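The values are calculated or read from the model by the stated rules, or taken from the named source; none is laboratory data. Remember, it's a predicted structure, so these values are computed and weren't measured experimentally. With ideal geometry, Cβ positions are generated from the backbone for all residues, glycine too; neighbour counts draw on all protein chains shown. Just so you know, the surface numbers come from the protein's heavy atoms only, side chains and all, with ligands and any DNA or RNA stripped out. Shrake-Rupley method; radii C 1.70, N 1.55, O 1.52, S 1.80 Å.
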Amino acid sequence: MGTTLHILLHIKLAWPSSPILIMAPGEKIKAKIKKNLPVTGPQAPTIKELMRWYCLNTNTHGCRRIVVSRGRLRRLLWVLFTLTAVALIFWQCALLISSFYTVSVSIKVHFQKLDFPAVTICNINPYKYSAVRDLLADLEQETRTALKNLYGFPENKSRKRREAESWTSAWEGTQPKFLKLVPLLAFSQDETSKARDFLTGRKRKVSGSIIHKASDVMHVHESKEVVGFQLCSNDTSKCAVYTFSSGVNAIQEWYKLHYMNIMAQVPLEKKINMSYSAEELLVTCFFDGMSCDARNFTLFHHPMYGNCYTFNNRENETILSTSMGGSEYGLQVILYINEEEYNPFLVSSTGAKVIVHRQDEYPFIEDIGTEIETAMATSIGMHLTESFKLSEPYSQCTEDGSDVPISNIYNAAYSLQICLHSCFQTKMVEKCGCAQYSQPLPPAANYCNYQQHPNWMYCYYQLHQAFVREELGCQSVCREACSFKEWTLTTSLAQWPSEVSEKWLLPVLTWDQGQQIKKKLNKTDLAKLLIFYKDLNQRSIMESPANSIEMLLSNFGGQLGLWMSCSVVCVIEIIEVFFIDSFSIIARRQWHKAKEWWARRHAPPGPQGQDNLGLDIDDDLPTFTSALRLPPAPGTEVPGTPPPRYNTLRLERAFSDQLTDTQMPAES
Amino acid sequence: MHIKKYLLKCLHRLQKGPGYTYKELLVWYCNNTNTHGPKRIICEGPKKKAMWFLITLLFTSLVCWEWGVFIKTYLSWEVSVSLSIGFKTMDFPAVTICNASPFQYSKVKHLLKDLDELMEAVLERILAPEQSYGNASKALNSTIWNYTPLVLIDEQNPHHPVVLDLFGDNHNGSAPGRTCTAQACKVAMRLCSLNGTVCTFRNFTSATRAVTEWYLLQATNIFSQVPNQELVEMGYPAERLILACLFGPEPCSYRNFTSIFHPDYGNCYIFNWGMTEKALPSANPGAEFGLKLILDIGQDDYVPFLTSTAGARLMLHEQRSYPFIKDEGIYAMSGTETSIGVLVDKLERKGEPYSQCTMNGSDVPVRNLYSDYNTTYSIQACIRSCFQDHMIRNCSCGHYLYPLPRGQRYCNNREFPDWAYCYSHLRMSVAQRETCINMCKESCNDTQYKMTISMADWPSEASEDWIFHVLSQERDQSTNITLSRKGIVKLNIYFQEFNYRTIEESAANNIVWLLSNLGGQFGFWMGGSVLCLIEFGEILIDFVWITIIKLVAFAKSLRQRRAQACYAGPPPTVAELVEAHTNFSFEPDVAGPGPDPGTYPDEQTLPIPGTPPPNYDSLRLQPLDVIESDSEGDAV
């Protein structure tokens, strides 16, 4: 043992100096070269050398094989393989990038206390007919006349409108203004250019385009006679005739047009007074085991439905919530629907409309309401589904509508419906100069009526046609909202009150209604409505990005690693070698050439040129020996020559280093 | 000595690393590792070296950070969802059918006689206070209304509301004369506890609601004292309710229905519950292959004050689940045919740790009272059980509408005079509901039956006559028509063209996902793999070894210096010292008879006390392998 240590000691003493001895010349040369060489750049003299060096030393797997393999075919194969791998990497990475903005959907269910939605209830009939009668008397009279002329309808023999008869006689002599303005016409299918006027009963020629309301979608050819009305623009040069397959539709549409005209001139306050009050509409109200009354409802005036009442609106202090499912814990109301006050031409059904919506949402009662029948209990069970979409760049939806170039004329949160209506209304104000009655007023505009805008109806119809045909661009500009709550309703009906309970229930309800109405309530004047959560399971459908930037990078890493065992370091290497180094090599060569050219121009022609030629050849074939041998000879003329030497030196050193390294284990 | 030698050998073997100084080790590592960055640090010039060093450092930190991100994502237990829609043969849902009225009035009349009379008197007093007080009051039976009386609160003077007892005979003179309307007067229920000393009023804005609630409370009180068997007999029997039944082409009858007593709706009948026999499958969409039922709800025999809505109540639910028909049931109207197209909307979730749901309710801290029915867990059952639990704890009796735990009794006025007060407090309590919601977990598998409901008049005018004849004959064996439009209900329940929509959860990120992403990141930035990590670990171990060796050497040198200081004589020559370091035989001479053995208290613990690590280290520096093998060979 002692001897071994001795030996070890000796060797140890011998070794430490040797690295210094070896290193010293290297350092010296390096320092020398550095001093001589002002250009710091690539260490290979030519691009070929550089490539070779790269292929041998890079960490990617293909390149080394190209250099190392023997035989042309094998080398070619390796070149092909490497190129294929590179191509595959590019292709796969392109696929990864192109599918980056995809979403994954998750559906979650929570059982929790749920906010009760806002519930808007409207009577289908907007205004008490007794209150609006004097406004609509002329119109009613003319409608009746038209009905009489066309269908032989017995004038004014309807059930409870005896007082109207006196009006009829009073208006007999006056000039009919509504029919004159927008004449109702009957066409026979064969001769569309001839039409019978309702007012006079005479046939008259109709010019202008005839638009069949129904025939666009469904071909109705069976009826011999079609009814329609003619709308003309101000100068009466342009006219359009709208026809309907049924007189019912034609007359209702015609009536509605005039009705809107008249109501547009009535101030809002008066309209609210003409409609139903909350106390009148709601007989009883019960929510979650607690009594509620008219104070829990907020008024919302809808142009076509009159006074509507919203339960649980945000204007009330807190949003009510339900912590139990079932009809007992929901909203239960009994509505008073007085059929006697119904407008015979405007509405032809009886009942109420109810809509369930978010507190900040505008209730589009005319579009998506659920109708409630009288003498029935309507029980509506709800399920809440919340959806969240990802906005740009995943989809075209909008978070709050601020990035949609349409100003929201509704005092409510953005929705696609609001956007479309706002868009139409804005266009209407732009084109026709006045606003359509059934939508809110944009700033600095007023509703259309024929006193101020005599030809608005023609304009409106034209615009509406264009809107439906998506010519106004509203549909392309408006985008859907990113998040929305949806209540799925399950509606079922039952008879109410039951035969046996009717006897006691109706008098008590009459007492509850109190002095609002003087008469005893009838079964058909009442409707019961129950709205409740079926269960407190809330489904949320959420989109989340399927890919994150980390995922993308790791997928890149997977691809690069799979095909070539490459990494970002390799990419940097490639950039370094292929761009920076090779460009500087080229630049250096150009610089040399320029210098030579300069030198040749100034130096006397002679043997010098041949020297340069030799140099050029040398540049092409930079073997180790030539690189070593050359510099001493033309050292004075070409200052650029040193790099090759330095480079090759370094190159060789790297190899020898590696060689010894790899040989080490072999030796032992 | 042997052990020492062995330990020395082990040490040598273990320590046989690539280098013997930190620098060597690092250089060797950088040169030989497979990760891409470090190699370039070594073989480039100083500027590039710095650059590559920075790049490598940057990439390493990037990799670490992104690994953190991925591990965090993995531990968030996200799920991905797959949705499937289509038609397949499925078990037909269980169909529960009830009548809106729980009992036949003709059979419960004797129980409700007093209450009904009282109710009528109350209504009379509310509607026409002037006339009724004189004649009606004498008939009132005072046994029931002592507990929760109805009162009329006159709010004409808002500061001094006048309370009028609707049952009292002796009113102060002003009250009966005054007419009271809904605007001025409110009907309220007086709820008292502790022998009538603490009272509250439960106000109602409508008299209709007040009298209904009051009647319900009193009826509950009456029915809770009646044994269950009698209640079942008072309800609608299956043969009266279910007139005809057809499942696909197969005829069925009321015998195919399982009877269950529901406190709200009396006798309910469940078709295809799957409790005793296998559930019936349905292999075809369309009304022809569904369940067709004709029911008679017998509207004439309804309890007049208990329910004001007439119709059949029905609900579709899963096999072996309890029907919570009051929450999820729908109405079917008499005199109509109700067609119900069914879509089974199933949600299958993964349990812990992906979501907080429960598979069978065994991990919920609430005792399921509905387990007596052998039904599966549902959150509704849990919440009701929880409520009943609270009720028993607070009011010491169970509510009639919920099942009773063993050894408890239902609430009634006689035994628990305060229960109505207690119950109404508990029912209004938000805290109670929230504790129940927090305690109960939703079940992982949630099935909803989406219904498309449509209605038509049935029977038609033309067919009415013969249909009623046939059905009357079948049920009552009478030639007269015993049925009417007001009672008859037709139901068609069938699968839609697409009868299922299944949403299934699966783990979004599994361990394979995690590993491939970790590998991807490491590979992307540095071209590394798990082997590189092992390499790195090896280097770290070497590092530790070198440190240990250095420390040992340091300790040695320290001790030696101290020992030198202790020498009394002249300092030892260099040759002596060299000898001391190298020669083992030399050492015991010094250590053995040394001046003070106490100065080396840890002598025994050190493996090679005499050999100073520095020389040992440097010895192994360069042609290590050769020497190593030499020394080993020598040792052997």
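What the table shows:
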| item | result |
| --- | --- |
| All positions within segment B:481-515 that are of a type in the set (Ser, Thr, Tyr) and part of a strand (DSSP E or B) | B:Tyr494, B:Tyr500, B:Thr502, B:Ser506 |
| All positions within segment B:459-492 that are farther than 16 Å from B:Leu243 by Cα and open to solvent by less than 80 Å² (accessible area, probe 1.4 Å) | B:Ser460, B:Ser463 |
| Some residue of segment B:221-230 being part of a loop (DSSP other than H, G, I, E, B) and of a type in the set (Phe, Trp, Tyr) | no |
| Residue satisfying condition, being among the basic types (Lys, Arg), in contact with a strand residue (DSSP E or B) (Cβ under 9 Å, 6 or more places away or on another chain) and more than 19 Å from A:Pro126 (Cα to Cα), within set A:Lys238, A:Lys271 | A:Lys238 |
| Any hit, segment B:406-421, residues being assigned to a helix (DSSP H, G or I) and either at pLDDT 90 or above or in contact with a strand residue (DSSP E or B) (Cβ under 7 Å, 6 or more places away or on another chain) (or both) | yes |
| Selection count where residues are more than 9 Å from every other protein chain (Cβ to nearest Cβ) and open to solvent by less than 10 Å² (accessible area, probe 1.4 Å), scope segment A:280-329 | 9 |
| A:Glu486 vs. criteria without any contact (Cβ under 8 Å) to a residue 24 or more places away in the chain, away from chain B (no Cβ under 11 Å) and not in a helix (DSSP H, G or I) | no |
| Identity of the residue in segment B:500-541, among the β-branched types (Val, Ile, Thr) and buried (at least 16 other Cβ atoms within 10 Å of the Cβ), that ends up nearest to A:Cys570 (Cα to Cα) | B:Ile539 |
| Segment B:42-87: number of residues that are part of a strand (DSSP E or B), exposed (fewer than 14 other Cβ atoms within 10 Å of the Cβ) and either within 12 Å of chain A (Cβ to nearest Cβ) or among the aliphatic types (A, V, I, L, M) (or both) | 3 |
| Failed criterion for A:Glu172 (all others in (1) modelled with pLDDT of 50 or more; (2) surrounded by fewer than 17 Cβ atoms within 10 Å (Cβ to Cβ) hold) | (1) |
| Only one of B:Ala279, B:Ala244 that is part of a loop (DSSP other than H, G, I, E, B) and closer than 30 Å to B:Phe92 by Cβ | B:Ala279 |
| Strands (runs of 3 or more DSSP E) contained in segment B:302-396 and holding at least 1 residues at the interface with chain A (Cβ under 8 Å from one of its Cβ atoms), open to solvent by 30 Å² or more (accessible area, probe 1.4 Å) and modelled with pLDDT under 90 | none |
| Test result for A:Leu420, more than 14 Å from chain B (Cβ to nearest Cβ) and under 25 Å from A:Pro442 (Cβ atoms) | yes |
| Residues that are in contact with a Leu (Cβ under 9 Å, 6 or more places away or on another chain), in contact (Cβ under 8 Å) with a residue 40 or more places away in the chain and over 30 Å from B:Pro285 (Cβ atoms), drawn from segment B:475-492 | B:Arg475, B:Leu483, B:Gly487 |
| Unique residue being crowded, with 16+ Cβ neighbours inside 10 Å, more than 8 Å from chain B (Cβ to nearest Cβ) and over 49 Å from the mean Cα position of the chain (by Cα) when the list is A:Leu521, A:Leu505, A:Leu530, A:Leu552 | A:Leu521 |
